[in-house]
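Here the structure comes first, spelled out in structure tokens, and everything after it is commentary.
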Amino acid sequence: MRENEEKKQNRDEPKGALRRLAEIQSIAETTLSNLSLDHFLNNLVGRVQQIFMADTVAILLLDEESRTLAVRAAYGLEEEVDRVRIPVGQGVAGRIFSERRSLIIDDLSKVEVASPILREKGVRSLLGAPLRVQDHLMGVIHVGCFRPRRFGEEERRLLELIAEQVGLATEHARLYEAEWHSRASAQAAERRYRALVDGLDHSIVWEADAAANRFFFVSSRAEMILGYPVEQWLTEPRFWEARLHPADRENVLKEFQKLVSEGKDRRFDHRMIAADGRAVWFHTGMSLSGVTDTGTFIHGISMDITPLKQVEEETRAREAQQGAVAALGQRALEGTDVATLMNQAVALVARCLEVEYTKILELLPDGKRLLLRAGVGWKEDSVGRATVDTRPDSQAGYTLLSKTPVITEDLRKEKRFTGAALLDAHQVVSGMTVLIQGRDRPFGVLGAHTIKRRAFKEEDIHFLQGVANVLTNAIERKQIEETLRQKTTEAEEANRLKSRLVSIVSHELRTPLNAIIGYSSLLKDPRFQKDPAKLKEMQERIYENSRTLLELINRILDVSKIEAGQRELSLELEPVSVSDAARRAVSNLNPMGDQKGLSMEFIDDASAPTIQSDPAKLKQILTNLISNAIKYTEQGSVAVRIRHQPEEKKVCVEVSDTGRGIAEEDLPHLFEPYYHVVATESAPHKGTGLGLSIVKRLVEALGGTVDVASQVGSGSIFTVRLPYQIPKKEDSSSQKE
Ligand code: ADP
């Protein structure tokens, strides 16, 4: 109702140009203040309707793509708005647009312009104008009346003026919209970028002014990775430089300089110190964004590659360890002695595992203690002295027992064993130990220990075991070499003896044998057969030489029997009077001494008791010594003296002579088989060099000792000391086991 009244009022009002100008002014202001095009256009159609007192108003805008005009705002035509799309050139609006000029139609029904909607709506008269800004056409505005009306020129100019304003406003709004869109999409892009940048796992995205040495953007992950608030990055001058790992600082600064001077992207690895003091590894890639009067801008991304580096470093460490073990093995093969090898091994373990203490404990023969044979870190004087019990309540003892590697992370909490005094004294907390095998029994234990708590890894154990294996091999090889060397010496000795035997056989045995053969052939000679005295002499010579031969053979047999081993010397023990045995031996050999004009003496000791001994062996001993004394004495005497030594529970026999004596250099070898003093003209060879060696073996079999004192030219004294009882043999075979 009110609207109609208003319309009526307006219609009644005189069409004052002033008023219309005011309207345009207000429209122009609206265009400036209104930034939403639709809002502005809707507002506008209402005003235009009032100005022209029209029944319909429509503003159609060009859709560039389809080259059609679409109603964007309308009055009196509202319900049609959405479906109206008029191709350029068609209908009233299309014609206004294509002809680029305003149009007045007095009676629509009389014109041949297809305008079904307008006709449908009952529009009779119409005034339309193109919307444009200078040459740029953007749409059409038209006003219509249901009753026939003749729009005048003034009205046409008014609409054209309005159309101009609308054109401006549309353009303005469009520009604004475009601007708004681009700004919004830029903001969205910025938001997306930030989300992306902040969401980058393990990476810090940053932008900085290299000239000012200052960050102006840092992604929020920075705080998570290094622990410094982003704020600090942005405000603290030289923040980055101060947080670089000292070892990498120089290199990183060089990279920056290169980037700025050469402009090429740089990539490099470096460490930074985190707020909690950790060293964090980064792979940084950076580019130059631009150089202006105000600064040198660079941006980059730094990726946290600490885990990667750790793996890399661990791999490198493992490789170094393997190399070190191989080198140690090589040295062992080259024959480095075991002591040096042990020192190298403990140093190597300390270096490769970065531990404070390393040790090699050697199991001592008593099996009860382990000796610190080699080590690193222990207090002075510990190496070569400190011992650890083999009881399993120490880590080393436990390792010996379990025969497997033993790791302890905290000795104070260990339940399997307690720390040995050595470990306690050095504040050891963590450690691992492995067995060093020997050929027949464990050689000992190899260990690594730390003061700080440490969880040793599987690979560490493998490394330690590798070192222990090298030692095991070296020790075993040395043991084998030692046995081999002994065997070789023995074999050489046996060989030497054999050659001596051969020479004895060829020289000593041949002499009597040749004599026998010679005399025997003479026996057949008829000249001798007629001479009974000669025959008798020859028979005696043959007999004498045969005896010598037999004696020689017996001695050789004796020696080889004794050589073959103590066990074959079976003793037949009974109570024996050494005095009686000596007296008998002297009287037996009296004729031999008499022959050489020597005085033979026997001095007894009545206190000497009978002893437990083998009479046959004793006789052999005494006969040998006394006959030697006679053999090597040309004048003077041979004396045999018995001496009782009750405090030592021994009975001694001294055989002394006034003969040629023995040179000092020969004394140590006298009792070796086949040894005889170099013959001289004054002291020709008289024996096989076997007698004294037999004496020594027999005396020892009887539990006694024999020694000699002599001086060249004045004589010799051989002393045999025999115990009351032959001590029970500590079974030598059991000792070896
Ligand atoms: P042989 O059969 O040569 O006598 P022995 O083993 O009995 O062998 O003696 C070794 C060497 O010791 C002899 O060759 C001799 O030179 C020296 N010898 C042994 N007994 C005496 C002694 N009473 N006086 C001087 N030399 C001796």
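The values are calculated or read from the model by the stated rules, or taken from the named source; none is laboratory data. Because the structure is predicted, anything quoted here is derived from the model rather than measured. Backbone-built Cβ (ideal geometry, glycine too); neighbour counts: all protein chains shown. With ligands, DNA and RNA removed, areas are computed over all heavy atoms of the protein, side chains included. Shrake-Rupley method; radii C 1.70, N 1.55, O 1.52, S 1.80 Å.
Taken as a whole, the condition of being at positive phi and either assigned by TED's automatic domain parsing to the domain that holds Gly285 or acidic (Asp, Glu) (or both) applies to Asp381. Within region 374-388, the set of residues being open to solvent by 20 Å² or more (accessible area, probe 1.4 Å) and more than 15 Å from Thr433 (Cα to Cα) comprises Gly377, Trp378, Lys379, Glu380, Asp381, Val383, Gly384, Arg385, Ala386, Thr387. Residues considered: Ser716, Ser693. Of these, the only one that is within 12 Å of the ligand (Cβ to nearest atom), under 28 Å from Pro609 (Cβ atoms) and open to solvent by less than 20 Å² (accessible area, probe 1.4 Å) is Ser716. If you go through region 175-213 and keep only what is farther than 21 Å from Asp304 by Cα and open to solvent by 80 Å² or more (accessible area, probe 1.4 Å), you end up with Leu175, Tyr176, Glu179, Trp180, His181, Arg183, Gln187, Glu190, Arg191, Arg192. Take region 636-674 and flag every residue that is farther than 24 Å from Gly703 by Cβ and modelled with pLDDT under 75. Selection gives Tyr674 alone. Filtering region 593-621 down to residues that are more than 13 Å from the ligand (Cβ to nearest atom) and in a helix (DSSP H, G or I), which residue is least open to solvent (accessible area, probe 1.4 Å)? Out of the qualifying residues, it is Leu618. A single entry from Glu155, Glu160 fulfils the requirement of being touching a strand residue (DSSP E or B) at 6+ places or on another chain (Cβ under 8 Å) and open to solvent by less than 20 Å² (accessible area, probe 1.4 Å): Glu155. For residues in region 397-412 being open to solvent by less than 60 Å² (accessible area, probe 1.4 Å) and either polar (S, T, N, Q) or not assigned by TED's automatic domain parsing to the domain that holds Phe463 (or both), which is farthest from Gly447 (Cα to Cα)? Residue satisfying both the conditions and the ranking: Ser402. The set of residues in region 702-713 that are surrounded by fewer than 19 Cβ atoms within 10 Å (Cβ to Cβ) and either within 9 Å of the ligand (Cβ to nearest atom) or touching a residue at least 24 places away in the same chain (Cβ under 8 Å) (or both) comprises Val708, Gln711, Val712, Gly713. Whenever a residue of region 98-115 is modelled with pLDDT of 80 or more, it has no partner that is exposed (fewer than 14 other Cβ atoms within 10 Å of the Cβ) and of a type in the set (Val, Ile, Thr) lying with C-beta atoms less than 6 angstrom away and at least six residues away or across chains. Here Lys309 clears all of (1) open to solvent by 30 Å² or more (accessible area, probe 1.4 Å); (2) part of a helix (DSSP H, G or I) except the condition numbered (1).
Yes/no per residue for (1) open to solvent by 50 Å² or more (accessible area, probe 1.4 Å); (2) more than 8 Å from the ligand (Cβ to nearest atom); (3) in contact with a helix residue (DSSP H, G or I) (Cβ under 7 Å, 6 or more places away or on another chain):
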residue	(1), (2), (3)
Ser637	no, yes, no
Arg641	yes, yes, no
Glu647	yes, yes, no
Val653	no, yes, yes
Ser656	no, yes, no
Gly659	no, no, yes
Ala663	no, yes, no
Leu670	no, no, yes
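In this structure, is Ser66 out of contact with any helix residue (DSSP H, G or I) (no Cβ under 9 Å at 6 or more places or on another chain), farther than 22 Å from Leu44 by Cβ, at pLDDT 90 or above and open to solvent by 10 Å² or more (accessible area, probe 1.4 Å)? In short, no. With the requirement that a residue be farther than 21 Å from Ala211 by Cβ and either assigned to a helix (DSSP H, G or I) or open to solvent by less than 30 Å² (accessible area, probe 1.4 Å) (or both), what does region 228-247 give you? Of everything in region 228-247, those that are farther than 21 Å from Ala211 by Cβ and either assigned to a helix (DSSP H, G or I) or open to solvent by less than 30 Å² (accessible area, probe 1.4 Å) (or both) turn out to be Tyr228, Val230, Glu231, Pro246, Ala247.
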